[in-house]
Structure formats: structure tokens, C-alpha cells
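Structure record follows, encoded as C-alpha cells.
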Amino acid sequence: MSNPYIPVQAVVKDLRQETDGARPIKTFTVEIKDKKDKFKFSPGQCAMVGIPGVGESMISICSSPTQKKYMQFSIMQMGKVTSALHELDKGEMITVRGPYGKPFPIDEWKGKKILTIGGGIGQAPLRPIINYVRDNAKNYGALSIIYGARSPQDLVFLSELEGMKKDKSAKVHLTVDAEAPDWKGNVGFVPNYLMDVKPSPKNTIAITCGPPIMIKFVLQNLKKLGFEDDQIFTTLENRMKCGIGKCGKCNVGGVYVCKDGPVFSYAQFKELHPDF
Amino acid sequence: MDNYLLQKSKLTEFLTSLGDVNLIAPVAANGTTRFELIENAAKAKLDLEDYTASPKKVVFPQTETLFAFRNKGDSLDIEEGEEIAPTVVFGIRPCDAKSFVVLDPLFNKDFEDPYYKKRRDATVLIGQACAEPTNRCFCPSLGGSPGGTEGLDILMTDIGNDYFLEVLSEKGKKLMNGSAGVCAAAAAADNAKKEKALEQSLGKIKRQVDLKQMHEMLPKTFEDKMWKEVGNSCIGCGICTYNCPTCHCFDIQDEGSTYQGRRLRVWDACMYPEFTVHASGENPRHDRSTRIRNRIMHKFTFYPNNLGHISCVGCGRCIELCPVNEDLIEILNKVRAINE
Ligand SMILES: Cc1cc2nc3c(=O)[nH]c(=O)nc-3n(C[C@H](O)[C@H](O)[C@H](O)COP(=O)(O)OP(=O)(O)OC[C@H]3O[C@@H](n4cnc5c(N)ncnc54)[C@H](O)[C@@H]3O)c2cc1C
Ligand code: SF4
Ligand code: SF4
Ligand code: FES
């Protein structure tokens, strides 16, 4: 009988500082130590990343399953666990358990154009979709990325995104909240920028993730652009401890975000209990 | 299955005959009754009233080690959980035994919880029919009764000079293997006495609540001001959850250092703001009214919809122990009134 509370051991192979400031973000490249402990996952799923003696945090797996050797997590330093994770060096050990949650139905999107709309650290759960679609480009239509953060320094995965612009593997639209020196991209909030970019809903799937207030307005604007409920997907967050639907922390009404989410279509999202 | 008669004077002998098991029984402490591991079978009592705490902790302890670890630099030694000895809970009330049946699907469905399962499998429940239901009891509204057998392996009913023992499961049958000799065979007349005793007990239950369609009525009251009123008097102490036999929410905490320590699971309560607050400070259940509403909707709407049981057995503890007299039955009656 396998024990869902026991994590597996992994090694931090690489660390990349994505942003600085009060709440810095680092991307951790980790490799599970023992081959037999490796697990399959799909874009949108998460894992509990932890340090025994400190605790665990639910984090989106932000690498694509097409990358089989390692997994990546982009982690914002918030409190106890994420601060301890930020202190780790390359070569140190962490623990991982998962995968948790329902993934994006990415196979059902074959043949369609993909549009991601992200804000801040909310770009993390969108990244595996982006990389998966690029790695399987022949199965999907054009890939567009709209992404924004407070300032240019707060944009995660910036060099990757600029790379995609260059090699034309995606249409990348970046925006920041306020004017900044050296910033030549758009200035304005993500939901407004979405209206400027004005993507066509035709044969397109839109996926959005970011702060709750951003999600709210992006959803409204996607509707204005003519997207149907089943063309729109989002991911939600709630406080989590067990990850397996037992501890009772993450419910929105009868829905447990850890096992029934975190991915929801807009049609499902609208059915959620008003508690959210 | 089989029925037996046990002379009251032979109770200690009977308990001793159960063999090498952890015997958990009600004991009197600080003016309350609680379940404890007892070394000496003579200490087990059945005449104690008013069980403040259910023996839920036997299958779901308030603090439990998930694993102990030792960090050796490049590897981690992990030692899982604790060894569980065969255990008999003696004197559990029918409502509390039923609460185990309510908890089973939560812990067993989707991801099986090995800690709960191990304890549950190792535990035999010998119940005690309630001769004197308290004035807070309303188990019949939840499909129970003072002689309810759901979840029990053996039920004992006081019929005067003897206890009437009903063996209800394979587990119970196995337990009786070494103990049947202490008992006598029960006759039809004894059974009749038992039925009469149980009927009398049932007649003593004073409270009730109509739960018909309650799972559909609750969501319709979501925006009602009634929840604000209820929330305003609640002081958020969490007593109603800690003493509830069906509440199951927990937290996971690490103890020790990063070199050596334990990961624990500990009871938590949905009535505390920390239960749901995000690291960003945002809290989806931001005040006491949203928390109490969630607690009651969880028990009477979400849990039955997801797992097939109402998450309440009608023990009435949350009503009796609440320091500001929040009354679950009155709240549910208000929900019905708003709907009608
Ligand atoms: C489905 C999901 C995906 C996530 N993906 C990412 C990601 O890719 N990158 C990232 O940086 N963050 C992500 N988060 C948020 C991250 O889990 C929290 O920021 C983190 O748990 C905070 O822990 P802490 O110990 O540093 O903070 P503290 O405030 O010290 O938190 C203490 C405890 O509270 C819990 N907790 C607090 N806030 C949250 C929260 N928002 N979500 C879940 N548990 C919480 C944790 O269990 C933690 O152990 C995700 C959360 C969820 C639910
Ligand atoms: S909700 Fe109240 S009455 Fe129902 S089982 Fe829990 S403590 Fe008992
Ligand atoms: S016992 Fe009463 S006051 Fe305490 S949290 Fe429960 S309802 Fe509120
Ligand atoms: S995190 Fe425990 S129930 Fe979802």
C-alpha cells in the first residue's frame, strides 16, 4: 500500500533567480534521486515541495512533461517554507510528492490555437502548456502569450519569452503596470492589454492564471471578445496541506481544489460555490 | 449472528478474557468522561454518563506521527508512522461508532489513508446501548438510536442483572472466540428484555430535527442574513469541531530541525481564520459567519453529496459544549423556515 504522505527525495540541480525585490522568485530545476520514484504528470498539475523539518508548499510543476529528466518549480518567497526553499543551494536536497490535481485537458485542444494570459507568478502553471505546445507544435495551431507583471523586473521567464519571440515559436505580448526606464513593451494592466491585442476566439483555447482580481477581469474581457465558456480555462489557489482531499482546507463548497482542481473550465468555474 | 448473556459481576473477567489487546474504555476524569487506555480491566466502567469526548482519537489521534526523518546530508532516512497494536474500544456509544462509518469513505476514497486504515482495521468496537440518553441527544434524526448497531462489532445492552451481547460482525465474532466461555447463551426472553430496554431509551430522547432535503435547502440560504447573526455570536473557539466525532480536518506540522525530526498531523478546526488564510493574507472564509456557514454546509450538503453520509450523528456535543449556546438544531430549523 503506497503512502501518499511520504515524499520522495530530489536534488536541486539548478537555480535561476527570476525576479528580485521583496518577494523574489526563483526557478528550481530538480531531479528525483531514485528512478523508481519518478512520476508522470501533465501540464496544470502540482506537487508538494518541501524540506523536512520546515514543511511543504503546493507548487505548480512549471516544466513540461516532454522534459523527462528533471522537473521545474518557480517559487515566490512568501513565508516559512518558501523562504527556506530560497535559501537552498545547488546540490542540496528537497522532497517532492505528487502529482496532484486535475491537469489541463491539453490533448483535447489538439488542432486549436492556444492563448495564455498570465499575471505575475501566475505565469508558472501556464509555462508547461507553452512548452508542451512548442514541443508538439505540429499538433496545435498558433501559440500566443500575453503576460504582464508590475514592472519589467517582475516578469518571470523573461529570457525564454524573448527567445520565443526571436525564433517565432510563439507570439509574445508583454506588458507592465507602469512606465519604466528601458521598457519598450506595452504599459497597462493585463485585462486591458488583452482588449488591445484582441485575439480572435475562432478555434482558440484561452488559459488564464494570475492574481484573483486579474483573473476576474480577464474572464469578463474574454467573454466580451466572444470566447465561449468551454473555450476558457483557469487555475485556482487555496491554502493546502494534504493535497489529497482529506485535510479539509482547500474546499470551495463541495469542490476540493487540490483534487478536483486546480484547473477549471470557465463553465465549471461558474458552477463553483459563491464562497470563492 | 450470536447473542450472549454476560453477568454484570463478570465484566472484569470478560474484559480480561479478550487477551492481549490495548483496552480503551471510558474513565472519569475532572468531572468528565473520556476514553483512555486502561491497564487494569477492573477500571472499565459502564455506568458513566455524558461522554464529553468521543473515542475518535483511537482511529484519528489528535496528534499523529506521519513519519520520523533523519537527514544524512545526501540522503534522508524516513521511518513511517507507528506500529499499531490490536485494540478494543469498550463502551463506545452507538452514535460514536456510527461516526467511524461516516469517516471511512473520507479516509479510504481516492487516496487511501494508511494511518487511518491501519488503526481502523486493528480496532474492534464493543458498544454500549444508551440507557439514559442525555437531553442533548438527537441521534434518531440521523438514522441512529440508543441501540444503533452501525459500525459496531458487538453491542451490549443492560437488561438488569446481565448485559445482553449481540455479535454484529466477523471482527466481533473473532473477538468472542476466547470470551464466549465467560458468557451464557441468551434466550428469547432475554432478547425481549433487551428490546424493551431499548424502546424505553428511545422514548427518553427529547430533541429532533427534520433533515428532509436539508442538503438542497442550505445552499439556498447562502446569502441570508441569518448567517451573519449566527456568526456574530460565535466566538470562534473551535470547541464544536474538537469535540465532534465526525469532524476530520487536520493540519500538517513539522517538529524538530532539518537534521532530525517528525512530520505530524494534528487536528485543526475550520472555525479558525488561520485554517484557510493564504500566504498573501487573502482569506476566502474571512469572518466567523462564513466559517460557521461552511461548517454546517460541509456536514449537511457537501459531505453527503461527495461521500454519501451526513457528517453528523446527532450526539449533540457541539450544542451542549458551545460557550455561547449556538444550537445546530435551531440553525437547521431556521434554514428550513427560510426555505418554506
Ligand atoms: C494549486 C497551487 C499551486 C501553486 N503554485 C505555486 C507556484 O507555482 N509558485 C509559487 O510560488 N506559489 C505557488 N502556490 C502558492 C504557494 O503554495 C504558497 O505561496 C506557499 O504555500 C506559501 O507557503 P509559506 O510557508 O512560504 O508561507 P506561510 O505563510 O508561512 O504559510 C504557511 C503554510 O500555509 C500554507 N499556505 C499558505 N498560503 C498558501 C497558498 N496560497 N496556497 C497553498 N498553501 C498555502 C502552506 O501549507 C504553508 O505551509 C500555489 C498554491 C496552490 C494551491
Ligand atoms: S455536528 Fe454536533 S451533533 Fe453532529 S456529530 Fe458533530 S458534535 Fe455531534
Ligand atoms: S463552539 Fe460555539 S462559539 Fe465555539 S466555534 Fe463553535 S459555534 Fe463558535
Ligand atoms: S489540501 Fe487537504 S483537502 Fe485539499
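None of the figures in this text is laboratory data; all of them are computed from the coordinates on show. Every value quoted in this text rests on a predicted model; they were computed, and no experiment measured them. All Cβ positions, even for glycine, are placed from backbone atoms using ideal geometry, and neighbour counts span all protein chains on display.
Reported value for chain A: 135 Å³ per residue, from the convex hull of its C-alpha atoms.
For region B:68-139, the antiparallel share of DSSP beta bridges with both residues in that region comes to about 45%. For chain B, relative contact order (Cα pairs under 8 Å, six or more residues apart, normalised by length) works out to 21 percent. When the inverse distances between all different Cα atoms of region A:24-178 are averaged and flipped, the Kirkwood radius reads 16.3 angstrom. Listed cross-link partners A:Lys36/B:Lys118; A:Lys69/A:Lys138; A:Lys68/A:Lys184; A:Lys68/A:Lys171 are compared with a 32 Å cut-off, the Cα-Cα value being larger for A:Lys68/A:Lys184.
Using the Cβ-Cβ distance between B:Asn325 and B:Thr32 with R0 set to 30 Å, the FRET efficiency from 1/(1 + (r/R0)^6) comes to roughly 0.95.
Measuring between their Cα centroids, region B:100-173 and region A:188-236 lie 52 Å from each other. Calculated mean residue ellipticity at 222 nm for chain A: -5500 deg cm²/dmol, from DSSP H runs with n ≥ 4 weighted as -39500 (n - 2.57), summed, divided by the residue count and rounded to 500.
Model label sites at B:Glu80 and B:Asn232, defined 7 Å from Cα along the beta-carbon direction, differ in position by 5.2 nm. Restricting the calculation to Cα atoms, chain B shows an Rg/Rh of 1.00 when the hydrodynamic-style radius is the Kirkwood one.
The order of B:Ile154, B:Ile292, going from fewest to most other C-beta atoms within 10 Å of their C-beta, is B:Ile292, B:Ile154. Site pair A:Asp135 and B:Lys204 shows an inter-label distance of 6.8 nm when each label is modelled 7 Å from Cα along Cα→Cβ. Given +1 at the Cβ of Lys and Arg, -1 at the Cβ of Asp and Glu and no other charges, the dipole of chain B around its Cα centre is 620 debye to the nearest 20. Considering only A:Ile61, A:Gly21, A:Val81, and ranking their Cα positions along the charge dipole of region A:8-100 that arises from unit charges at the beta-carbon of Lys, Arg, Asp and Glu, the one farthest toward the positive end is A:Ile61. Below 18 Å, Cα to Cα, which aspartates and glutamates can B:Lys194 reach? Residues fewer than 8 away in the same chain don't count. Partners within reach: B:Asp2, B:Asp47, B:Glu132, B:Glu150, B:Asp153, B:Asp158, B:Asp162, B:Glu166. Close amide H pairs (under 5 Å, H built 1.01 Å from N) link A:Lys171 with A:Leu143, A:Ser144, A:Ile145, residues at least 5 positions away or on another chain. How many percent of all Cα-Cα pairs in the protein assembly as shown sit more than 34 Å apart? For the protein assembly as shown, the fraction of Cα-Cα distances above 34 Å is 51 percent.
If R0 is 45 Å, the Cβ-Cβ spacing of B:Ser257 and B:Ala188 corresponds to a FRET efficiency of close to 0.10.
Put a dot 7 Å past the Cα of B:Ala337, heading toward its Cβ, do the same for A:Lys168, and the two dots end up 7.2 nm apart. Only bridges whose two residues both fall in the protein assembly as shown count here: according to DSSP, what percent of them are antiparallel, nearest 5? DSSP beta bridges in the protein assembly as shown are roughly 65 percent antiparallel. Computed on region A:8-100, with alpha-carbon pairs under 8 angstrom and 6+ residues apart, the relative contact order is 38 percent.
Using C-alpha pairs below 8 Å separated by at least 6 residues, the relative contact order for region A:114-161 is 51 percent. Size descriptors for region A:1-64: radius of gyration and Dmax over Cα atoms are 13.2, 45 Å.
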